[in-house]
1. Looking at Ala151 and the list (1) open to solvent by 50 Å² or more (accessible area, probe 1.4 Å); (2) at pLDDT 95 or above; (3) not aromatic (Phe, Trp, Tyr), which single condition is not satisfied?
2. What is the one condition in (1) surrounded by fewer than 24 Cβ atoms within 10 Å (Cβ to Cβ); (2) over 18 Å from the mean Cα position of the chain (by Cα); (3) assigned to a loop (DSSP other than H, G, I, E, B) that Arg42 does not satisfy?
3. Can you tell me which residues in region 132-177 are in contact with a Leu (Cβ under 8 Å, 6 or more places away or on another chain), in contact (Cβ under 8 Å) with a residue 60 or more places away in the chain and farther than 20 Å from Gln205 by Cα?
4. Looking at region 102-122, which of its residues are open to solvent by 50 Å² or more (accessible area, probe 1.4 Å), in a loop (DSSP other than H, G, I, E, B) and not hydrophobic (A, V, I, L, M, F, W, C)?
5. Would you point out the residue of region 20-37, among those that are of a type outside the set (D, E, K, R) and at pLDDT below 95, that is surrounded by the fewest Cβ atoms within 10 Å (Cβ to Cβ)?
6. Do we have any residue at all in region 209-217 that's among the acidic types (Asp, Glu) and farther than 12 Å from Leu99 by Cβ?
7. Only residues that are near the ligand (Cβ under 10 Å from one of its atoms), among the β-branched types (Val, Ile, Thr) and part of a helix (DSSP H, G or I): list them for region 123-144, please.
8. Inside region 236-270, can you point out the residues that are assigned to a loop (DSSP other than H, G, I, E, B) and open to solvent by 60 Å² or more (accessible area, probe 1.4 Å)?
Amino acid sequence: MAVGIFDSGLGGLTVLDAVAKRLPDVDFVYYADSAHAPYGVRDADNIYDLTTQAVSALWDQGCDLVILACNTASAAALRRMQESWIPSDKRVLGVFVPLIEAMTERDWGDNSPPREVEVKHVALFATPATVSSRAFQRELAFRAIGVDVEAQACGGVVDAIEDGDMILAEALVNSHVDALKRKMPSPQAAILGCTHYPLMEKEFQAALGEGVKVFSQANLVADSLADYLDRHPQMRGTGTGSKFLTTGNPEKVSNRATQFLRRKITFEAA
Ligand code: DGL
């Protein structure tokens, strides 16, 4: 009984933490493709190849349901995977939709036509690959009308977080928020469209100002996974026991993860 959680590196731990708190009886296998992070500077074909390899490894661990806790993989690879690659007894879910549903005031799975919503000016912070995929804008346009989205590709932030260089990460957040504000001086809401960014949520909020509502994914994904597993209990998978796997150096990745989650996390080699 295990659900797979995948990210290019440490960012998906923000999602893992929330889902593990929300679903204490479910085991999770976390897979960090640290050897190939960051994904955000790669092209779509390369992201597709890496993501399908990682998801196959999670299926081998008995995880019939895998959450792509990575916006870059969700944006660049998920649709193609769902169209032709995922067998009928497995599921792969992304992390955008719960967030867009929350922002557009919708219940889970409400597919009614797009309508006006309260927020009109939204700042999107994401990796270069996610921004260039326009996947957020597409999902938003299916649900809301009249929302102006300004996207800021936040080059360098994921690298700095993976390296544990939080001073650089903070400086980059400030400079990306400045760049965004030059294009959209008064956003009403901001989307942290990369699962690494909640590790810098205080810095984003401080740079944006208190009046801007910051949406991040972890709790929204946890609610939506709980709802999904209620309706599809057979998708809990056949694996037993939680574990953390990495394609990188397990000791280095464990140290960073322990520092970020403030509890002991031990990664094994994938
Ligand atoms: N956490 C991934 C995301 O949500 C990271 C991206 C990367 O590896 O660049 O997009």
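1. (1) is the only condition that Ala151 fails.
2. (2)
3. Phe136, Glu162, listed by residue number.
4. Those that are open to solvent by 50 Å² or more (accessible area, probe 1.4 Å), in a loop (DSSP other than H, G, I, E, B) and not hydrophobic (A, V, I, L, M, F, W, C): Glu105, Asp107, Asn111, Pro113, Pro114, Glu118, Lys120.
5. Of everything passing the filter in region 20-37, Pro24 is surrounded by the fewest Cβ atoms within 10 Å (Cβ to Cβ).
6. Looking for residues that are among the acidic types (Asp, Glu) and farther than 12 Å from Leu99 by Cβ, one finds at least one in region 209-217, hence yes.
7. As a first pass, look at region 123-144 and keep what is near the ligand (Cβ under 10 Å from one of its atoms): 126-130.
With the extra rule that they be among the β-branched types (Val, Ile, Thr), the set shrinks to 127, 130.
Answer for region 123-144, where residues must be near the ligand (Cβ under 10 Å from one of its atoms), among the β-branched types (Val, Ile, Thr) and part of a helix (DSSP H, G or I): just Thr130.
8. Once the filter is applied, which keeps residues that are assigned to a loop (DSSP other than H, G, I, E, B) and open to solvent by 60 Å² or more (accessible area, probe 1.4 Å), region 236-270 yields Thr238, Thr240, Ser242, Asn249, Arg262, Arg263, Lys264, Thr266, Ala270.
The values are calculated or read from the model by the stated rules, or taken from the named source; none is laboratory data. Here the structure is a predicted model, which is why all the values come from computation and not from measurement. Positions of Cβ are backbone-derived with ideal geometry, glycine not excepted, and every protein chain shown enters the neighbour counts. Protein only, heavy atoms only, side chains kept; ligands, DNA and RNA dropped before computing areas. Shrake-Rupley method; radii C 1.70, N 1.55, O 1.52, S 1.80 Å.
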